[in-house]
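In what follows, a single structure is set out as structure tokens and then discussed.
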Amino acid sequence: MARKHRRKPDDMNWYKMDLHLHTPASNDYLEPKVSYLDILRKAEQAGLDIIAFTDHNTVSGIRALRKEVEELQLLEQLKRIRRDEEDRLSEYRRLSDKVLLLPGFELTATFGFHVIGIFPPETTVRELEHILLNLRVPPDRLDIGSTEVGATVDVLTAYRTINEAGGIVIAAHANSTHGVAMQGFNFGGQTKIAYTQDSQLHALEVTDLEVKRRNTTASFYNGSKPEYPRRMHCIQGSDAHRLNRDSSDKNRLGVGDRVTEVRLSEVSFRGLKELFLGNDFSKARPFRPTQAPVDHILAARQQGPNIVQSFHESMHQRGGHLDNILADICAFANTNGGTLYVGLSHLLNKPLVGIAKPNEAITLIQAELEKKITPPLEVQIERQETQDKKILQISVPMGDNPPYAIDENKIYVRDETDTNLAVRDEIVALVKRSLKLPPTYRHEVIVTDNIPLPIEEIISTETKPPLDTPKTGVEIVLREERKGKIYYSLLDLRNGDVVHNVTKRSARKLWQYALQEYENNAVDANKVVWQGNIGMWKKQKRGVQVRFDMVQRDDEGKIHVYYGVTYDGIDGMWQKLIDSQEGVVVNS
């Protein structure tokens, strides 16, 4: 039954959704006597606006519901409907106008990973089953609703097949059992990157969206990790296998026990898919039934500036504030995309300034962008409110036609928390990206400790060196004197590129710090906090940002120093080292 959509073209409202619901069509459903009408009633009771039936490798649940409604409608047409049947049909009609029900399934892909596909409400059962057959679910198991269906397709093929069929693709409980981002699963790093960064994956369903700790799944996939540059929409769902939460086991959730709120102009499949395809990550948040709604702007301030996020108290042209905003927009487009907040500082102890006339401010920024940035760049500017102050939120996509420039010749890039003019090697990388040329691989640089090597002795290869380095910060790989002037070559650990011909005068903030430490505070191996062949040399905190100077001893005994490493670049053995040193003062 088609739902009458609520259309509010000039307004956006928050709506509640649970896109991961099982029905008695799943053979592991815990309450087989529950009816489909019971599930719809429970969804209404929970205040849900959008739900999806996502049974295991089957759509027999949505088929059973539709068949019941069609039979009741036929009885009505034949004037043979009983009073109880009439009441049931009336209830289906009432609920279909209250709750948008989307058909879908939860596929078990190879290696047991679960992938959710959700489709428009008008999609027929035959079309859905055809998609499942394309996903290699055996025909004789289409109606079983089991998590075990034999050899289906791999995860990436599942993403592509569902997306090409017009569906929304969600990695189910990505950080938990059968999830593509599950910790400790023994498969290659590049595979894990592909499973969570593929362009045909629309969202990650996570179970820790409201957990208050640094290393949550959503914070990991916020676009700041070098190896995971695509920011992902993260949602939560109940994965309900019963109508109500099990009082004896809090992990067995019922319908609507774990809900996501989404900000839409209309309750529709189309609006939902547009949200997942867009760059505004503030339009989805965990629903809190007994607490104040999540303030994503406050959460952003608590996180502070990073490679995909910046803050501007003012946008006045006097003092260059508006120019700084334009520079950040240009830098985000040239790097990973990002979000700017205008009207507030990232420092939590500073009062919010706000924007007095937000509509005029939006018009001004849009006009300046059209006039100054080339090639044309489409950004989304919205008025938001936090702590009774109006501010602007500017969502910038990662541009597909770089390099983007201001006034035709100023090309900016984002470097961790800073926006800087791009140097030559960075401009070359942007041009390569625009032309879709193969990426530049990490350079292997051979140096002798404390002895400058001529530039021609730097050996470049197309294979990464064996060292498992942090993924942020810089390493000084060459110091060279030419005609009395000192030049450096720096290895950017985020992308593996070597930037040559850096001087103290031309160096940006992080580079200046690295050069100063290199020249004035040489690493003493005897004072390093070692853990095997890796160690921590220095830790410093500025505002909310923490940086580390890390060291690593290679197989030949040479020590590599990585300056300015942030939490975004730390995982694996480096994470274990950091965790072991929590609370320890290290050369700070």
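Yes/no per residue for (1) part of a loop (DSSP other than H, G, I, E, B); (2) of a type outside the set (Val, Ile, Thr); (3) surrounded by fewer than 22 Cβ atoms within 10 Å (Cβ to Cβ); (4) not assigned by TED's automatic domain parsing to the domain that holds VAL59:
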position: GLY104; (1), (2), (3), (4): no, yes, no, no
position: ARG126; (1), (2), (3), (4): no, yes, yes, no
position: GLU129; (1), (2), (3), (4): no, yes, yes, no
position: LEU133; (1), (2), (3), (4): no, yes, yes, no
position: ILE144; (1), (2), (3), (4): yes, no, yes, no
position: THR147; (1), (2), (3), (4): yes, no, yes, no
position: ALA151; (1), (2), (3), (4): yes, yes, yes, no
position: THR157; (1), (2), (3), (4): no, no, yes, no
position: ILE162; (1), (2), (3), (4): no, no, no, no
Item to check | Check on LYS509, within 22 Å of PRO305 (Cβ to Cβ), surrounded by fewer than 22 Cβ atoms within 10 Å (Cβ to Cβ) and in contact with an Asp or Glu (Cβ under 6 Å, 6 or more places away or on another chain) | outcome: yes
Checklist outcome for this item: Log entry, pairs with first residue in the stretch 178-198 being not assigned by TED's automatic domain parsing to the domain that holds ARG230 and at pLDDT below 75, second being part of a loop (DSSP other than H, G, I, E, B) and surrounded by 15 or more Cβ atoms within 10 Å (Cβ to Cβ), beta carbons closer than 7 Å, six or more apart or on different chains, reads none
Checklist entry - Any chance the stretch 576-588 includes a residue that's in contact with a helix residue (DSSP H, G or I) (Cβ under 6 Å, 6 or more places away or on another chain) and modelled with pLDDT of 90 or more? => result no
Item to check | VAL523 being modelled with pLDDT of 90 or more, in contact with a helix residue (DSSP H, G or I) (Cβ under 7 Å, 6 or more places away or on another chain) and within 25 Å of GLN581 (Cβ to Cβ) | outcome: no
Checklist entry - Of all residues in the stretch 383-398 being buried (at least 16 other Cβ atoms within 10 Å of the Cβ) and touching a Lys or Arg at 6+ places or on another chain (Cβ under 9 Å), which is nearest to PRO229 (Cα to Cα)? => result MET398
Next on the checklist: Take the residues in the stretch 297-344 that are in contact with a Leu (Cβ under 8 Å, 6 or more places away or on another chain) and assigned to a loop (DSSP other than H, G, I, E, B); name whichever of them is nearest to ARG383 (Cα to Cα).
Outcome noted: GLY343
Checklist entry - Somewhere in the stretch 168-177, is a residue in a helix (DSSP H, G or I) and either touching a residue at least 24 places away in the same chain (Cβ under 8 Å) or not hydroxyl-bearing (Ser, Thr, Tyr) (or both)? => result no
Checklist entry - Which ones in the stretch 366-389 are in contact (Cβ under 8 Å) with a residue 40 or more places away in the chain and more than 27 Å from VAL294 (Cβ to Cβ)? => result GLU368, LEU369, LYS372, ILE373, LEU377
Checklist entry - Out of the stretch 345-382, which residues are within 18 Å of HIS316 (Cβ to Cβ) and in a strand (DSSP E or B)? => result ILE381
Checklist outcome for this item: Across (1) surrounded by 17 or more Cβ atoms within 10 Å (Cβ to Cβ); (2) free of Cβ contacts under 8 Å to residues at least 12 places away in the same chain; (3) part of a loop (DSSP other than H, G, I, E, B), SER248 clears everything bar (1)
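The values are calculated or read from the model by the stated rules, or taken from the named source; none is laboratory data. As the structure is a computational prediction, the values presented were derived from the model and not from experiment. Glycine also receives a Cβ, built like all others from the backbone with ideal geometry; neighbour counts cover every protein chain displayed.
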